[in-house]
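Colleague: Okay, here's the structure, questions in a sec.
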Amino acid sequence: MEKTKDQVRLDRLLANSGYGTRSDVKALVRSGAVTVNGVPAERADMHVKLSCDKVAVDGQILDVAVHVYYMMNKPAGCVCSAKGGAHSTVFDLLSKTDRSRRLGGELSIVGRLDLDTEGLLILTTDGELNHRLTSPKHHVPKTYFVRLETEVSEAVQKQYAEAVASGVEIPPEDHEPGAVCRGGELEWESGSTCCLTIYEGLYHEVKRIFAALGNRVVYLKRIRMNKLALDPALERGGYRELSEQELSALTLTNHIL
């Protein structure tokens, strides 16, 4: 068992870094190939400090990442679940290596998207960040590009925007009760396309808002979470690790209300 968050057993570190099972790692340590701060490791179950200890295998220092953060451009027809059933899952889009367990734990989804919804999806092993971004009390802004079934006039566009700003009352749907949505922002691009920013994560919230306004969403894509925008160069189904600047844009606390 780790003594602190900064300390981890050497065999666990090596196993999670791709050096095989715990048995494989023990054999590797016994061979003398593993060093800690330049000194051959004495035991596979010894603890090392991630913040300062340098672990090397055959002279190659490990680049240890406790947590990983991926941006994915989720395609429609793919579910945000570990088990897809009749549909493929977003985890099926990841390589075997990227799906593997890390020191920080299992990979999880930050803010799920519906089967037919596309766009920005974050996957991470950082459970604390996941909670902070999805907890209702933090009101993290999420922006969606929306295409509506029925084109509306400028006068009706203004009515929609005012209703969204004041908070739309949405009726019950499936297992979810009705609610009055927290006020958001609606910006129009045309009579049938707009960008909607919301501060909650209610069940089918975007679709229910426009249904309550008398329209229907025919295409939905999340394009921003907090201050992090979806990379326009990321193809559907593609993913990559976040840069430090992007992680800062996602987590910057003064953007979380």
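The numbers here are math on the coordinates, done by the rules we state, and not lab data. On a predicted model such as this, the values are computed, not experimentally measured, just so you know. When we count neighbours, we look across all protein chains shown, and the Cβ atoms used for this are built from the backbone with ideal geometry, even at glycine.
Colleague: In whole Å, largest first, what are the principal axis extents of the Cα atoms in the chain?
Modeller: Cα extents, longest axis first: 75, 39, 35 Å.
Colleague: Here's something else I'd like to know. Excluding residues on the same chain fewer than 8 positions from Lys221, give the lysines whose Cα lies under 18 Å from its Cα.
Modeller: Excluding near neighbours in sequence, the set is Lys74, Lys142, Lys207.
Colleague: Where both partners of a DSSP beta bridge lie in the stretch 132-257, what percent of those bridges are antiparallel, to the nearest 5?
Modeller: Antiparallel: roughly 100 percent of the beta bridges in the stretch 132-257.
Colleague: Shifting gears a bit: Pairs of alpha-carbon atoms within less than 8 angstrom and 6+ residues apart define the contacts here; what relative contact order does the stretch 7-61 have, in percent?
Modeller: So the answer I get is 39 percent.
Colleague: Still on this structure, please answer the following. Counting alpha carbon pairs within less than 8 Å and at least 6 residues apart, what relative contact order, in whole percent, applies to the chain?
Modeller: Relative contact order, the chain: 19 percent.
Colleague: Show me, for the stretch 188-199, the HN-Hα J-couplings you get by feeding each phi into the Karplus relation (A = 6.51, B = -1.76, C = 1.60, θ = phi - 60°), rounded to Hz, glycine and proline as x.
Modeller: After applying 6.51 cos²θ - 1.76 cosθ + 1.60, I find 8, 9, 7, x, 10, 10, 7, 10, 10, 10, 10, 10 Hz.
Colleague: Once the Cα gyration tensor of the stretch 174-257 is diagonalised, what are the square roots of 5 times its eigenvalues, in whole Å and ordered largest first, as equivalent ellipsoid semi-axes?
Modeller: Here the semi-axes work out to 26, 17, 13 Å.
Colleague: With a cut-off of 8 Å between alpha carbons and a minimum separation of six or more residues, what is the relative contact order of the stretch 141-225 in percent?
Modeller: Dividing the mean separation by the residue count of the stretch 141-225 yields 46 percent.
Colleague: Now a separate question. Can you list the residues, at least 5 places off or on another chain, whose amide H is less than 5 Å from the amide H of Ser81, using H built in the peptide plane?
Modeller: Under 5 Å from the amide H of Ser81 lie the amide H atoms of Val90, Phe91, each far enough along the sequence or on another chain.
Colleague: Now for a separate question. Rounded to the nearest 0.05, what FRET efficiency do Ser153 and His175 have when you use their Cβ-Cβ distance and R0 = 51 Å?
Modeller: 0.90
Colleague: Can you show me the helix-derived [θ] at 222 nm for the chain, built from DSSP H runs with n ≥ 4 at -39,500 (n - 2.57) apiece and divided by the number of residues, rounded to the nearest 500.
Modeller: Value at 222 nm, helices only, nearest 500: -6000 deg cm²/dmol.
Colleague: Now for a separate question. Given all pairs of different Cα atoms, what value in angstroms does the Kirkwood hydrodynamic radius of the stretch 112-239 take?
Modeller: 15.3
Colleague: Turning to a different aspect of this structure: Among all the lysines, which ones have a C-alpha under 29 Å from Lys26's C-alpha, if same-chain residues fewer than 8 places away are not counted?
Modeller: Excluding near neighbours in sequence, the set is Lys3, Lys5, Lys49, Lys54, Lys96.
Colleague: What residue among Leu13, Leu129, Leu50 shows peak mean-square fluctuation when the chain is described by a Gaussian network model with Cα springs under 10 Å?
Modeller: Fluctuation is largest for Leu50.
Colleague: Give me the log10 of I(q) over I(0) for the stretch 7-61 at q = 0.29 Å⁻¹, as the Debye formula computes it from C-alpha points; what are the numbers?
Modeller: Treating every Cα as an identical point scatterer, log10 I(q)/I(0) equals -1.33.
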